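Okay, so here's the structure we're looking at.
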Amino acid sequence: MRTNLVILVALCAALNLVVGTIVYLFKLPVYLDMIGTILCALTIQSSRRIAFIASAAAALISFFLAGLVNPYLPWFSGTGVAVAAVITVVGNPQAARLREESMRKPGFWVRIAGLGILTGLVAAVVSAPVVVYLFGGVTGSGSAALVAFFLKTGHELMRSALLSGLTAEPVDKTAQVLLAVLLLRSTPTSFLARFGAEGSPGRIAA
Amino acid sequence: MSSNGLVLFLVIAVASLFVPSRSVVPILVLALGSAFTLALGRRGVVVARRALLSVAPLAIFLTLVWVVIVGRAPEVVFFRSTRPASPWLSVAAITSRLFLLALLTFGVIEAGSRIRPPFVFGLALPREARIVLLATTSLVGAMRLGAERAHTALVSANILTGRRSWRNLAHGWLLVRTTWVAAVGIAVERLDTKWKCEDLPNAAAAALPPARGLNARDVIWTSLAGLCLCGAVAALLR
């Protein structure tokens with residue numbers, strides 16, 4: 001049993017859930033519900049397979065527990081797994097650089113934007129069928145206005161939901177990637193070292 | 001009902017809602033959901049109210065989009081392609097199924113709230129998954145308290161405000177960072193000391209209730225849900 005890994009997954013799943021509370025305290029019109037998933041995929045450096053499994057587990061657990069309050073959220077679990085996969089494949093190899101690089105360099109922001117936009121595009125594609133088939137294209141909040149706009153301009157329902165997602169998701173996911181990277185930079189090195197980060201033996205301690 | 005019986009009932013009942021057939025199955029599921037809610041007694045009223053409240057904002061947005069702005073029915077209504085119909089009818093169809101989904105989910109959660117320890121820990125899941133669930137629920141409580149404490153401190157220090165503001169947008173990440181670093185600090189310290197001495201994973205696994213099989217009530221409710229599912233599939237194949 002890998003205690004460190006269990007605790008990391010639990011911490012990241014809890015972060016996914018708690019950030020919802022923080023967003024409520026801020027009274028912000030956004031849903032930052034995958035920061036823990038992204039952070040988990042960036043933290044584990046020992047193996048990409050483990051990074052994906054752990055981050056997908058964090059996403060699934062947080063969606064399952066969130067479903068006890070909001071019964072519609074678990075239907076977006078697939079989006080959580082897709083985000084975990086993208087961050088593991090594209091973001092994980094850049095994690096050390098994102099952690100060390102100065103925030104004053106344009107390269108840092110280009111990397112964040114690239115990762116956020118890519119993740120947002122994938123999330124939009126995976127979410128669109130759920131939005132269409134389950135919710136009739138409308139999930140509430142600002143996305144309803146976007147879907148209505150695209151429908152009014154003559155697009156079909158699936159295309160409207162997809163275009164709405166492609167418009168909104170990259171912004172949301174870029175914000176989430178940025179927050180996750182800021183948290184990664186704040187995380188103590190002694191904790192990161194347990195997951196194969198630079199300067200550690202490169203394996204997950206039991 | 002047992003934890004596993006509740007989840008099995010929910011999965012089968014919800015699955016019958018998603019079979020894309022034009023049949024009386026939604027009415028059957030409504031009857032099933034109503035019976036299940038009535039079986040909860042007075043708490044059933046709370047469940048129905050929660051389900052209504054959860055679906056109300058979606059109903060408003062659906063009406064605004066499809067009836068007021070677009071003025072036609074969506075091409076897909078709950079997993080089924082539709083011919084042109086009244087937007088009101090389509091909105092009612094989507095909303096009523098979402099209401100049933102919420103009613104069944106909240107009903108199961110309410111029924112599970114009687115189970116001690118909490119019913120999610122009694123689910124027949126792999127050992128690791130149950131331990132992670134236990135650790136997550138434990139950490140969520142600690143992190144929420146930490147977030148509220150940090151929020152109070154940051155508002156007192158005039159870095160954040162208690163209202164919607166640009167300052168919250170600019171400095172809000174400090175609250176997320178404070179909460180995360182505090183939680184990681186606790187985890188790192190305990191991983192090396194307390195949890196190591198307590199042999200955390202094994203102790204947690206031992207503390208969890210054993211995953212029990214289905215009881216008579218589980219079988220009755222699951223069979224009723226199964227009948228709804230069979231009816232939906234039969235209507236689809238006909």
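Report the net charge of residues surrounding B:Thr37, where surrounding means a beta-carbon distance below 13 angstrom and charges are Lys +1, Arg +1, Asp -1, Glu -1. Summing Lys/Arg as +1 and Asp/Glu as -1 gives +3. Among A:Gly154, A:Gly120, A:Gly91, the residue with the largest mean-square fluctuation in a Gaussian network model of chain A, with springs joining Cα atoms closer than 10 Å, is A:Gly154. Entry note, region B:125-207: relative contact order of 36 percent, from Cα contacts under 8 Å with a spacing of 6+ residues. Charge tally for A:Phe150 (other residues, Cβ to Cβ under 13 Å; Lys, Arg +1; Asp, Glu -1): +1. Applied to region A:102-113, the Karplus parametrisation 6.51 cos²θ - 1.76 cosθ + 1.60 on θ = phi - 60° returns per-residue 3J(HN,Hα) values of 5, 6, 7, 7, x, x, 4, 6, 5, 4, 4, 5 Hz, with x for Gly and Pro. Take every Cα-Cα pair in region B:125-207 and report what % of them are more than 18 Å apart. When all Cα pairs of region B:125-207 are counted, 54 percent exceed 18 Å. In whole angstrom, note down how far apart the Cα centers of region A:63-101 and region B:198-232 are. Answer, in whole Å: 28. Working note: Karplus 6.51/-1.76/1.60 with θ = phi - 60° gives region A:7-19 the couplings 5, 4, 4, 5, 4, 5, 5, 5, 4, 3, 6, 6, 4 Hz, where Gly and Pro are set to x.
For the options A:Ser164, A:Ser102, A:Ser46, a Gaussian network treatment of chain A with springs between C-alpha atoms closer than 10 Å singles out A:Ser102 as fluctuating the most. Rounded to whole numbers, the Karplus 3J(HN,Hα) couplings from phi for region A:145-151 are 5, 5, 4, 4, 4, 5, 5 Hz, using 6.51 cos²θ - 1.76 cosθ + 1.60 with θ = phi - 60°, and x at Gly and Pro.
Computed over region A:3-195, relative contact order equals 24 percent, with contacts defined as Cα pairs under 8 Å that lie 6+ residues apart. Largest GNM mean-square fluctuation among B:Val47, B:Val70, B:Val91, using chain B with Cα springs under 10 Å: B:Val70.
Setting aside same-chain residues fewer than 8 positions from A:Lys152, which aspartates and glutamates have a Cα under 17 Å from its Cα? Within the straight-line cut-off, A:Lys152 pairs with B:Glu75. Quick one: grab the alpha carbon gyration tensor of the protein assembly as shown, order the square roots of its eigenvalues as a ≥ b ≥ c, and give me rounded if a/c is under 1.5, else prolate or oblate depending on whether a/b is larger than b/c. Note, shape of the protein assembly as shown comes out oblate. Remark on region A:3-195: ratio of C-alpha radius of gyration to 2.2 N^0.38 Å is 1.02.
Read-outs throughout are calculated quantities, based only on the coordinates presented, and are distinct from any laboratory measurement. Note that the structure is a prediction, hence the values are computed from the model and not measured. When we count neighbours, we look across all protein chains shown, and the Cβ atoms used for this are built from the backbone with ideal geometry, even at glycine.
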